[in-house]
1. Hey, can you tell me all the residues within the range 261-272 that are in a strand (DSSP E or B) and at pLDDT 85 or above?
2. Does the range 83-108 hold any residues that are at pLDDT 90 or above and in a strand (DSSP E or B), and which are they?
3. For the range 109-126, how many residues meet the condition of being within 28 Å of residue 63 (Cα to Cα), without any contact (Cβ under 8 Å) to a residue 24 or more places away in the chain and assigned to a loop (DSSP other than H, G, I, E, B)?
4. Kindly indicate whether any position in the range 456-470 is surrounded by 16 or more Cβ atoms within 10 Å (Cβ to Cβ), in contact with a helix residue (DSSP H, G or I) (Cβ under 7 Å, 6 or more places away or on another chain) and at pLDDT below 85.
5. Quick one: which of 291, 316 is on the phi > 0 side of the Ramachandran plot and in contact with a helix residue (DSSP H, G or I) (Cβ under 9 Å, 6 or more places away or on another chain)?
6. With the condition kept exactly as written, say whether any residue in the range 289-303 is under 20 Å from residue 385 (Cα atoms) and over 29 Å from the mean Cα position of the chain (by Cα).
7. Among 357, 325, 307, which is the only one that is in a loop (DSSP other than H, G, I, E, B) and within 18 Å of the chain's Cα centre (by Cα)?
8. Listed residues 412, 338, 402; which is in a helix (DSSP H, G or I), without any contact (Cβ under 8 Å) to a residue 12 or more places away in the chain and outside the structural domain of residue 318 (by TED's automatic domain parsing)?
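The values are calculated or read from the model by the stated rules, or taken from the named source; none is laboratory data. Just so it is clear, the model here is predicted, and its values are computed rather than measured. As a convention, Cβ positions derive from the backbone with ideal geometry for all residues, glycine included, and neighbour counts pool all protein chains shown.
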């Protein structure tokens, strides 16, 4: 019987020495289902010691039926029995699936799991605002489409409606037909008002976009925005913004511009100004923070500029099905569809729903570090964009391709080029492991780059690897850079062979082929170089030849 050693957010232990009440088991199962699902172990102490189940709980069929009949909607658990080595001590494991809705006990109790300050888990009630958060995260509720309770049409600011029209008129991809409508028709077209018992009232999306500040503060106390600039430990700017989203975006833009200096670079004969942070990526990140935040949860959208870079964060974790690993590939969907639909028609948000692509592109176009969401949690999404000087060689490479083909390289092409720039040499499998692309997709994209002469293929079949071409290195420091890289690889390979010989006592040609993914002839050449330089000695001939560290053994195989 192999059991987990400690409780986590998805693992719970309960002692059954005194016959645990069925209601306690039921509460724990509901809490697990309302969180991430998991495993409930009956007959295990809090420290992970198995002590066995009470005889009244040994009928697993009855236990599974009880759980299904006393949960709403019914939770389909799987109940397993574990025995110790003596086959006498019995532990019950209840596998609980992650619910796609909000679960309750038949008595109406709604619970969830959470971590306490000391990191240990506990079961607690789920409060009404958390139910809305849960349904929103599961894509079962559009919070932004709900009527803004206590608000009326007079609470929408005419100045903000005028601002909306100005944004539509100036945005490249906005729906210009909106400008032909009067105010009432405009609000209806954007679905920012709802019909409640024959009377139109603003919904949450309408109030967030166009509401008067005093009304936002009273009706939407969860709404908040802040812009901060820190230099070292000194606070240079700390601005709380009380205006609705459209006004707030413009105010943040103005504040941000003052802290986004430009540098000038030459691309060929032309001088190019490059901002510290890409403006389009910044705008998309800001709009995403407003559009996808959890408005049922207290908190604020925070933009913070520091010496290290820029952080944009918002309350509410990633919505169900979205993770850091699949941000670029998951089907676009958000927490507030009504709000995001309006932002797209106005022209503020990416109309295809691929705003994350634009954020990545904003870094890749200048050869900078990729955007980082690694500090996000279940309660907050946090995007960090590092300060970094542009990579002139990479910029020149992209510009040359743009001039040659008439289009900028695709996001996938830029990601592969960026990875090869950083790691120098990768196989298709290694690129797939590092990037959100399958091996077939990687091979298709990278072979396009080979045909374009930007990437070179080294080896064949399983040993095929890719490096940036000599033409690319020539942009940086002439063809010598490419030759230098080849020399570096050769030196690195020889060091790896010597270390392997030291570890194993000897190496054969096939060991080098397997370790370095090179052909047999290349492996022989590397080994011969090491013999010629006196670092290895050859023993044996043909298929049985072995190479040992020079001086470690005599020619007869005895220790010297």
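1. 262 - this is the single residue of the range 261-272 that is in a strand (DSSP E or B) and at pLDDT 85 or above.
2. Passing the criteria: 91, 92, 93, 94, 95, 96, 104, 105.
3. Count: 0.
4. yes
5. Answer to the check: 316.
6. Of the residues in the range 289-303, the ones under 20 Å from residue 385 (Cα atoms) are 289-293, 300-303.
Remaining after also requiring over 29 Å from the mean Cα position of the chain (by Cα): none.
Looking for residues that are under 20 Å from residue 385 (Cα atoms) and over 29 Å from the mean Cα position of the chain (by Cα), one finds none in the range 289-303, hence no.
7. 325
8. Exactly one of 412, 338, 402 is in a helix (DSSP H, G or I), without any contact (Cβ under 8 Å) to a residue 12 or more places away in the chain and outside the structural domain of residue 318 (by TED's automatic domain parsing), namely 402.
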